[in-house]
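The structure under discussion appears below in the form of structure tokens.
The values are calculated or read from the model by the stated rules, or taken from the named source; none is laboratory data. Note that the structure is predicted; figures quoted are calculated from it, not measured. Cβ coordinates were reconstructed from backbone atoms using ideal geometry, including for glycine residues, and neighbour counts include every protein chain displayed. Ligands, DNA and RNA are excluded from the accessible area calculation, which covers all protein heavy atoms including side chains. Shrake-Rupley method; radii C 1.70, N 1.55, O 1.52, S 1.80 Å.
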Amino acid sequence: MELSVQIERWPLAGAFTISRGTKTEAVVVVAELSDGTHRGRGESVPYSRYGETPDGIVAIIEALRPMIQRGLDRAALQRASGPGAARNALDCAYWDVNGKQTGRRVHELTGVREPAPLTTAYTISLASIAEMAAAAERAAWRPLLKVKLGGGDDDGKRIAAVRRAAPCAELIVDTNEGWNADNLAQNFAACADANVTLIEQPLPEGRDAALARSKRPIPVCADESVRDRTSLDALAGKYDAINIKLDKTGGLTEALALAAEAERRGFAIVVGCMVATSLAMAPAMLVAQRARLVDLDGPLLLASDRPGGLRYEGSLVHPPEPTLWG
């Protein structure tokens, strides 16, 4: 296999804000593998929360070039590189090129059923109460909204305003570690009043013991606290669900294994994404087939998507064409 890797920048349609900051572009790393006849691609998003940078991810991938040229395969990649964006880009590229080499779709190679269209959440970015209400009103026709909170004392008012603006939508709340043990109960109560379905990562990773002691009126989902299967032991008694993102697991291979093990342990499955193009969403569609909730709206937040990207009909996202991936 020959390897190429590059950093790409995709402007957003508007600012995207969570509790940790704001971005105006998606910075992704694309790895491509080629045997001279067939090529496969994978896209990942370096996650600063875990100390990743675009240049750092490229450096990790480049360090694997000699092993790739000597015949490193996807199974060996799992041992050669840990969870994170670098392995994700390569793992997904291996799946793509292996599918093209064998003339089979990747879902056949993985044993996953043929993917069907799914309803994705649409994200309401963290902002002022009025701005979030206005954004929710514009998106009120969508069946599922993910509401970013973690903005201080006004979160209860934010979620109440969003619910008034979008009375019929199912709501997920994602605080990105933005609450604390002192405001947990009041924020839970505000979310219960707003008929929220799920709350993602209310407390920081490693400082979430209060979840085991607190009454949880709404199911709680681990996001930053879960990366791969080794994370699951620490979640028992605190979380009801896990959010699987390929950039955290280090690719589709571990994501599928994590989903199976999490289900065995009784966790519900949510499949999420970073803000990226359809090339990053495509492999996640396979894991999402078994998910209770799906959040693969990254391309909807871009000013424009990659050519040949996933087809979105409102909030319904269709599986990828083989020309894109898989």
Tell me, please, whether a residue that is aliphatic (A, V, I, L, M) and either in a loop (DSSP other than H, G, I, E, B) or modelled with pLDDT under 95 (or both) can be found in the stretch 238-259.
no
Identify all residues within the stretch 99-157 that are assigned to a helix (DSSP H, G or I), buried (at least 19 other Cβ atoms within 10 Å of the Cβ) and aliphatic (A, V, I, L, M); write none if there are none.
Val106, Met132, Ala133, Ala135, Ala136
Has the stretch 294-311 got any residue that is touching a residue at least 24 places away in the same chain (Cβ under 8 Å), in contact with a strand residue (DSSP E or B) (Cβ under 9 Å, 6 or more places away or on another chain), in a helix (DSSP H, G or I) and buried (at least 24 other Cβ atoms within 10 Å of the Cβ)?
yes
Are any residues in the stretch 55-85 surrounded by 12 or more Cβ atoms within 10 Å (Cβ to Cβ), over 25 Å from the mean Cα position of the chain (by Cα) and outside any loop (DSSP other than H, G, I, E, B), and if so, which ones?
Ala63, Arg65, Met67, Ile68
List, please: which pairs have Cβ atoms under 6 Å, are six or more places apart or on different chains, and start with a residue in the stretch 81-104 that is within 20 Å of Gln6 (Cβ to Cβ) and touching a residue at least 24 places away in the same chain (Cβ under 8 Å) and end with one that is open to solvent by 10 Å² or more (accessible area, probe 1.4 Å) and among the charged types (D, E, K, R)?
Ser81/Arg87; Ala85/Glu52; Ala85/Asp247; Asn88/Asp247; Ala93/Arg41; Tyr94/Arg74; Asp96/Arg41
Residue by residue through the stretch 165-176, note down the ones that are touching a residue at least 60 places away in the same chain (Cβ under 8 Å), surrounded by 22 or more Cβ atoms within 10 Å (Cβ to Cβ) and outside any strand (DSSP E or B).
Thr175
Flag if Val162 is closer than 30 Å to Gln78 by Cα, open to solvent by less than 40 Å² (accessible area, probe 1.4 Å) and outside any strand (DSSP E or B)
no
Considering residues of the stretch 86-98 that are within 20 Å of the chain's Cα centre (by Cα) and open to solvent by 10 Å² or more (accessible area, probe 1.4 Å) only, the residue farthest from Gly250 (Cα to Cα)
Trp95
Subset of the stretch 3-20, residues over 14 Å from Ser44 (Cβ atoms) and polar (S, T, N, Q), comes to Ser4, Thr17, Ser19
Filter result (within 12 Å of Leu149 (Cα to Cα) and out of contact with any Cys (no Cβ under 6 Å at 6 or more places or on another chain)) within the stretch 172-187:
Ile172, Asp174, Thr175, Asn176, Glu177, Gly178, Trp179, Asn187
Is it true that Arg41 is basic (Lys, Arg) and either under 23 Å from the mean Cα position of the chain (by Cα) or closer than 30 Å to Asp154 by Cβ (or both)?
yes
Output yes when any residue across the stretch 216-237 is over 24 Å from the mean Cα position of the chain (by Cα), open to solvent by 30 Å² or more (accessible area, probe 1.4 Å) and farther than 21 Å from Ile129 by Cβ, and no when none is.
yes
Of the residues that make up the stretch 15-31, is at least one small (Gly, Ala, Ser), closer than 19 Å to Arg227 by Cα and at pLDDT 95 or above?
no
